[in-house]
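Trainee: Here it is, the structure in full.
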Amino acid sequence: MRVVSGSAKGRPLKSVPGTGTRPTTDKVKEAMFSMIGPYFDGGAALDLFAGTGGLGIEALSRGMDQAVFVDMEQKSIDTVRANLKAAKVEAQAEVYRNDAGRALSALEKRGRSFDLVFLDPPYRLKHGNELMLAMVQKGLLREDAVIVLEHESSYEYPEVIPGFRRTRQAVYGETAVSIYKYEASSQEEAGNAKEGNDESAD
């Protein structure tokens, strides 16, 4: 694995020891960033199931100002720190060992918000949409934030999730990538409509 493009282009990245993680291949990473960027003019990224940290590091290399990396496994955390150092972007990164749900609550308490979120949970977990809704409830997403949800190609997430619209989807063998855009205004309108309906029902 390596950084595909940007300021850290070509820098090699370590894999997490063992077989517990499933790093995104360079080919999928290149295709993924061509759909969402491919380059960025600043902003903040969240790599929630970081593994090697390859996605968040790629985002920093391509112009994001800062990134937060979260993983439950100490082996992954150690690998992320080593890869940040190898890519020379450690000054722009924060790394936390935590599970996804607790991490979102901790980020809410810190008042953080993000323009770009990578969700690559283990394929056995089919809760990407629940995590997206939790991010909205906790105020972690900026207007027009992009969510990159990586999942098993045999599993289909809804095209529309409240507050989100899927803009792209691509399949690479067993891996699928679904790109969602957060539309805060559409969710506010839906909430206002619901309030109006509730009032008229009285």
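The values are calculated or read from the model by the stated rules, or taken from the named source; none is laboratory data. Predicted, not measured: the structure shown is a model, and the values here were computed from it. No Cβ is skipped: glycine too gets one built from the backbone with ideal geometry, and neighbour counts run over all protein chains shown. Accessible surface is based on the protein model in full, side chains and every heavy atom, while ligands, DNA and RNA are left aside. Shrake-Rupley method; radii C 1.70, N 1.55, O 1.52, S 1.80 Å.
Trainee: Can you tell me which of 86-94, 67-75 comes out highest on packing, and rank the rest after it, using the mean Cβ neighbours within 10 Å?
Mentor: 67-75, 86-94
Trainee: Right, here's the next one. Can you give me the P(r) profile for segment 68-168? Cα pairs, bins 5 angstrom wide beginning at 0, each as a whole percent.
Mentor: 2, 11, 21, 23, 20, 14, 7, 1
Trainee: Carbon and sulfur together cover what percent of the accessible area of the chain at a 1.4 Å probe radius? Don't skip to the end; give the middle numbers.
Mentor: Details: 4650 of 9960 Å².
Answer for the chain: carbon and sulfur cover 47 percent of the accessible area.
Trainee: What FRET efficiency comes out for the pair Ser15/Val160, r = Cβ-Cβ distance, R0 = 35 Å, nearest 0.05?
Mentor: 0.45
Trainee: Moving on to the next point. Send over a whole-number figure in Å² for the accessible area per residue of the chain, probe 1.4 Å.
Mentor: Dividing the accessible area of the chain by its residue count gives 49 Å².
Trainee: To continue, here is another question. Assigning unit charges at the beta carbon (Lys, Arg +1; Asp, Glu -1) and nothing else, what dipole magnitude in debye, to the nearest 20, does the chain show about its Cα centre?
Mentor: Numbers: 26 positive and 30 negative charges, 243 e Å.
Using only the charged Cβ atoms, the result is roughly 1160 debye.
Trainee: Just to check, using Stokes-Einstein with a Kirkwood Rh over alpha carbon pairs, what's the diffusion coefficient of the chain at 4 °C and 1.567 mPa s in µm²/s?
Mentor: Calculated translational D: 75 µm²/s.
Trainee: Next up: 5 Å is the cut-off here: which amide hydrogens, built 1.01 Å from N in the peptide plane, fall below it relative to Val3, excluding neighbours closer than 5 in sequence?
Mentor: Here the answer is Gly10, Arg11, Leu13, since their amide H atoms fall under 5 Å of that of Val3.
Trainee: Can you list which of the chymotrypsin sites (Phe, Trp or Tyr not before Pro) found in segment 148-177 are DSSP loop residues with at most 13 other C-beta atoms within 10 Å?
Mentor: Taking segment 148-177 and a limit of 13 other Cβ atoms within 10 Å, the loop chymotrypsin sites (Phe, Trp or Tyr not before Pro) found are Tyr155.
Trainee: Starting at the first residue of segment 43-59, write each ³J(HN,Hα) from the Karplus equation 6.51 cos²θ - 1.76 cosθ + 1.60 with θ = phi - 60°, in whole Hz, x for Gly and Pro.
Mentor: For segment 43-59, the Karplus-derived couplings read x, 10, 10, 10, 10, 7, 10, 5, x, 7, x, x, 6, x, 5, 4, 5 Hz, x marking Gly and Pro.
Trainee: Can you pull out the trypsin sites (Lys or Arg not before Pro) in segment 1-67 whose DSSP state is coil and whose Cβ has at most 16 other Cβ atoms within 10 Å? All intermediate terms of the calculation are to be shown ahead of the outcome.
Mentor: Details: sites: Arg2, Lys9, Lys14, Lys27, Lys29, Arg62; in loops: Lys9, Lys14, Arg62.
Here the sparse-neighbourhood loop sites are Lys9, Lys14.
Trainee: Please work out the C-alpha center-to-center distance from segment 152-168 to segment 41-113 and express it in whole Å.
Mentor: 24 Å
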